[in-house]
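Notes follow the structure.
The values are calculated or read from the model by the stated rules, or taken from the named source; none is laboratory data. In this text, all values refer to a predicted model and were calculated from it rather than measured experimentally. Heads up, the Cβs are rebuilt from the backbone with ideal geometry, glycines too, and the neighbour counts pull from every protein chain shown. For the accessible areas, the whole protein counts, side chains as well, though only heavy atoms, and no ligand, DNA or RNA atoms are used. Shrake-Rupley method; radii C 1.70, N 1.55, O 1.52, S 1.80 Å.
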Amino acid sequence: MSEQKYLAEFRKLFIDFLKHMHTSKEVYTANKAIPNYAISLYSTLKGADDDSWYLRIDPPWIVPITEDDYFERYGSYLVIGGEIQVEERKLRKYNFYVSMVRNSNSSEESKHGYLSCCEKDARTRAKSRIVRRFHFDTGKGIPEILEPRSHIQFGGICHEEQAIREYEGVDLHYCLDNKIRIPRFPYPPIDIVILLDILLRQFKTSIDRSFLEKPEWLKLVRRSEDLRLQRYYSRINEYYQGKKTNEGKKRVKLKTLFETLCENECIF
Amino acid sequence: MKNDSLLIVWIDDDLDHSPDADILQEKMMKFNENVKVGFYHPEAFRRKIEEKEDIDLFLVDDKLNRHRFEGERYRGKGISYIGLVRENYPDVPVYIFSAEPESKIYADLAYISEREADSKLTYDAIQDRGHVILYYDALDYKRIRNTISEGLDKLIDLLSPPNIEKEKIRDLLPDILKTSEFQGVRTEAVAGRSLDFATWVRKALMKKPGFLYDLLYSATAIGMTKEAFKQRIEKFEPALYTGIFSKTLVDRLWWKTSLFDIVVEKAKEKKENKEKLPSDIRKLSVYAFDLKENDIAECAVCKGKFPDTVGIRPQDGKKEPVHYRCSDENPEYTKMLFFDDLRIIKSEGADANE
């Protein structure tokens with residue numbers, strides 16, 4: 001598939017995804033803000049050209065975690081967002097993230113021995129804590145450092161901090177330092193469809209589980225997997241095929257898989 | 001009867017109102033000369049109720065027991081007469097009216113539920129706008145009756161909705177309209193179903209924000225103040241609700257998703273190469289319509305820009321734009337799938353983030 005066709009398919013996938021988020025009963029019941037934001041993004045994306053388009057999930061989508069004693073007791077939620085920019089048939093920007101925010105009640109939690117180190121210290125104690133943050137990116141952030149094109153980063157710059165403060169309260173603690181930008185580990189280029197599917201299968205949330213079993217949703221996930229993951233794994237497969245062919249040849253300098261996944265022409 | 005003909009039956013024990021029915025007919029004949037308003041004392045119509053005429057709308061007085069007809073007095077009130085009408089004309093809408101002034105009508109007719117009467121009017125309203133209300137509503141009820149045997153898709157088309165909303169609307173329609181025996185057949189099983197559909201359109205779709213937005217909701221959804229929206233109102237005309245019962249709406253309504261499409265189209269017209277446009281429709285609207293700072297919608301609580309929805313102020317019931325974070329869920333508001341909630345605006349003094 002040509003890059004142009006590939007990106008057009010990608011845009012179509014997001015249009016259908018946003019439409020689905022707007023029309024899904026489970027999403028509407030869980031959080032009406034999501035379908036309302038989704039339809040707004042759907043309209044702008046549908047109206048854009050295949051050659052240049054921009055999708056930014058901001059404000060991020062907030063999905064409360066339920067039926068989990070540790071998370072639900074004080075109200076915890078997933079914060080999901082990201083952006084994609086295609087300009088002149090080139091993928092210019094690509095990142096998605098999920099933050100897990102957990103509220104706390106220090107005096108109550110100390111009874112259960114749940115207190116984290118941040119909560120034990122009055123200086124860092126806050127109503128809400130970002131307890132995990134994962135950032136999925138394709139691109140090279142620091143040109144002079146060898147880093148994989150498609151990668152996962154733990155923590156990272158928390159662009160959604162302001163949105164979380166506005167949602168929950170000004171009292172927010174993020175101790176996964178905003179300035180730390182490495183290491184970046186090679187990771188398949190997952191998008192928001194796959195990300196949401198993985199999260200909703202592992203956490204019980206306000207979005208009813210039946211959402212995941214709907215044929216329309218499964219179709220979206222498979223389309224996304226075909227578009228985003230197939231090329232990544234083919235690349236890895238090619239690496240191993242090449243390695244097998246070139247092994248023992250003195251003039252060929254064998255690269256590691258990591259080096260291969262860091263190459264500039266390695267586009268996902 | 002011809003397809004464009006209409007017969008409205010006015011049931012009233014006060015025969016002095018008969019000339020008003022004539023006036024009503026005259027006014028309606030300006031729209032369509034095949035309109036007839038038949039005036040009957042409740043007892044007179046009762047004697048012929050089983051004749052099953054091709055009636056399009058009943059207009060029934062709330063009080064029917066004051067004046068006799070040929071020595072006989074109808075002993076019930078308007079509400080009991082509606083029951084009689086429904087038994088014989090299950091697909092014909094019944095509007096009830098009261099001679100009380102508008103300020104009293106809600107109290108006067110409060111005991112009549114929305115299910116019992118399809119609409120409540122004052123006598124003044126009948127004299128003032130009655131010809132418009134009754135003519136266009138009767139016509140739309142007739143369109144529903146003529147379409148109902150063609151299945152749900154055709155019924156939904158009467159609303160002229162954007163494509164993306166059709167499936168959701170289909171999901172929300174009363175279950176009785178979706179049963180297999182109803183689909184595509186016009187039998188006894190469908191009796192009264194046209195009114196079920198009409199009731200859902202008027203009491204849910206047009207009344208609760210979600211698919212259709214009034215001026216304040218529309219403006220807020222695309223990031224504008226009401227004034228800014230009004231100044232550009234002709235640009236939003238393609239999004240206007242023009243489906244059944246739109247002609248008798250007091251306040252105009254717009255399809256939410258069509259408004260978004262208009263913003264996108266406008267931005268596309270304006271876009272120059274390589275410009276990166278915001279994907280949030282409210283922010284895109286600023287670009288598309290050259291909004292100035294004071295044209296952008298503002299939250300009633302934090303005064304921040306781009307409020308998410310419309311909420312209600314608990315102290316005076318006033319509706320204003322508000323962020324989700326600056327408002328709370330309204331426990332008294334009946335939640336409905338695919339419709340917006342009417343949220344309670346937090347008091348301005350309180351910290352919205354608390």
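Please specify each residue of the stretch A:1-25 satisfying the condition of being open to solvent by 10 Å² or more (accessible area, probe 1.4 Å) and at the interface with another protein chain (Cβ under 10 Å from one of its Cβ atoms).
A:19, A:23, A:25
Is there any pair with a first residue in the stretch B:4-24 that is in contact (Cβ under 8 Å) with a residue 12 or more places away in the chain and of a type in the set (S, T, N, Q) and a second that is open to solvent by 40 Å² or more (accessible area, probe 1.4 Å) and part of a strand (DSSP E or B) whose Cβ atoms are under 6 Å apart and which are 6 or more apart or on different chains, and what are they?
B:18/B:39
Condition check ((1) farther than 16 Å from residue A:96 by Cβ; (2) out of contact with any strand residue (DSSP E or B) (no Cβ under 8 Å at 6 or more places or on another chain); (3) open to solvent by less than 40 Å² (accessible area, probe 1.4 Å); (4) not in a loop (DSSP other than H, G, I, E, B)) across all residues:
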site	(1), (2), (3), (4)
A:136	no, no, yes, yes
A:140	yes, yes, no, no
A:147	yes, yes, yes, no
A:151	no, no, yes, yes
A:165	yes, no, no, yes
A:183	yes, no, no, no
A:199	no, no, yes, yes
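I'm checking my understanding of the structure. Among residues of the stretch B:296-310 that are outside any loop (DSSP other than H, G, I, E, B) and open to solvent by 20 Å² or more (accessible area, probe 1.4 Å), which one is modelled with the highest pLDDT?
For the stretch B:296-310, the residue satisfying everything is B:298.
List the pairs whose first member sits in the stretch A:68-92 and is more than 13 Å from chain B (Cβ to nearest Cβ) and within 20 Å of residue A:167 (Cα to Cα), whose second member is open to solvent by less than 50 Å² (accessible area, probe 1.4 Å) and of a type in the set (Asp, Glu), and whose Cβ atoms are under 7 Å apart, counting only residues at least 6 apart or on separate chains?
A:79/A:160
Within the stretch A:156-163, can one find any residue that is of a type in the set (Asp, Glu), in a helix (DSSP H, G or I) and in contact with a strand residue (DSSP E or B) (Cβ under 8 Å, 6 or more places away or on another chain)?
Yes, because at least one residue in the stretch A:156-163 is of a type in the set (Asp, Glu), in a helix (DSSP H, G or I) and in contact with a strand residue (DSSP E or B) (Cβ under 8 Å, 6 or more places away or on another chain).
When the residues of the stretch A:40-66 are narrowed to those that are open to solvent by 20 Å² or more (accessible area, probe 1.4 Å) and either closer than 20 Å to residue B:325 by Cα or in contact (Cβ under 8 Å) with a residue 60 or more places away in the chain (or both), which ends up farthest from the other protein chains (Cβ to nearest Cβ)?
A:66
Could you grab me the full set of residues in the stretch B:114-166 that are within 14 Å of another protein chain (Cβ to nearest Cβ) and part of a loop (DSSP other than H, G, I, E, B)?
Listed by number, the residues that qualify are B:161, B:162.
Does residue A:31 satisfy the criteria of being within 10 Å of chain B (Cβ to nearest Cβ), within 20 Å of residue A:202 (Cα to Cα) and not aliphatic (A, V, I, L, M)?
Yes; evaluated as a whole, the condition is true for this residue.
Here's a check for you: in the stretch A:241-259, which residue that is part of a helix (DSSP H, G or I) and surrounded by 12 or more Cβ atoms within 10 Å (Cβ to Cβ) is modelled with the lowest pLDDT?
A:246
In the stretch B:332-343, which residues are more than 22 Å from residue A:163 (Cβ to Cβ) and either polar (S, T, N, Q) or at pLDDT 85 or above (or both)?
Scanning the stretch B:332-343 gives B:334, B:336, B:337, B:338, B:339, B:342.
Among the numbered criteria (1) facing chain A (nearest Cβ under 9 Å); (2) farther than 18 Å from residue A:58 by Cα; (3) open to solvent by 40 Å² or more (accessible area, probe 1.4 Å), which one does residue B:341 miss?
(3)
Only one of (1) open to solvent by 80 Å² or more (accessible area, probe 1.4 Å); (2) over 18 Å from residue A:32 (Cα atoms) is not met by residue B:329, so which one is it?
(2)
Pick from B:265, B:320: which is open to solvent by 20 Å² or more (accessible area, probe 1.4 Å) and away from chain A (no Cβ under 13 Å)?
Going through B:265, B:320 in turn, just one is open to solvent by 20 Å² or more (accessible area, probe 1.4 Å) and away from chain A (no Cβ under 13 Å): B:320.
Can you tell me which of (1) charged (D, E, K, R); (2) under 26 Å from residue B:204 (Cβ atoms); (3) within 10 Å of chain A (Cβ to nearest Cβ); (4) out of contact with any strand residue (DSSP E or B) (no Cβ under 7 Å at 6 or more places or on another chain) is the one residue B:325 doesn't meet?
The number of the failed condition is (2).
Just checking, how many residues over the stretch B:32-66 are among the aliphatic types (A, V, I, L, M), in a loop (DSSP other than H, G, I, E, B) and at pLDDT 85 or above?
The qualifying residues number 1.
Restricting attention to the stretch B:268-283, and to residues there that are at the interface with another protein chain (Cβ under 9 Å from one of its Cβ atoms) and touching a residue at least 60 places away in the same chain (Cβ under 8 Å), which single residue is surrounded by the most Cβ atoms within 10 Å (Cβ to Cβ)?
Going through the qualifying residues, I end up with B:281.
Given the condition open to solvent by 10 Å² or more (accessible area, probe 1.4 Å) and of a type in the set (Gly, Ala, Ser), answer yes or no: does some residue in the stretch B:19-36 qualify?
No, the stretch B:19-36 contains no residue that is open to solvent by 10 Å² or more (accessible area, probe 1.4 Å) and of a type in the set (Gly, Ala, Ser).
Filter the stretch A:26-39 down to residues that are in contact with a strand residue (DSSP E or B) (Cβ under 8 Å, 6 or more places away or on another chain) and open to solvent by 20 Å² or more (accessible area, probe 1.4 Å) and give me whichever is nearest to residue A:193 (Cα to Cα).
By that ranking, first place goes to A:37.
Taking residue B:248 as the residue in question, decide whether it is within 26 Å of the chain's Cα centre (by Cα) and open to solvent by less than 60 Å² (accessible area, probe 1.4 Å).
So residue B:248 fits the description; yes.
Could you pull out the residue among A:177, A:171 that is surrounded by fewer than 19 Cβ atoms within 10 Å (Cβ to Cβ) and in contact with a Ser or Thr (Cβ under 7 Å, 6 or more places away or on another chain)?
A:171
Looking at the structure I just gave you, is residue B:314 open to solvent by less than 40 Å² (accessible area, probe 1.4 Å) and either farther than 21 Å from residue A:34 by Cα or modelled with pLDDT of 95 or more (or both)?
The answer is no for residue B:314.
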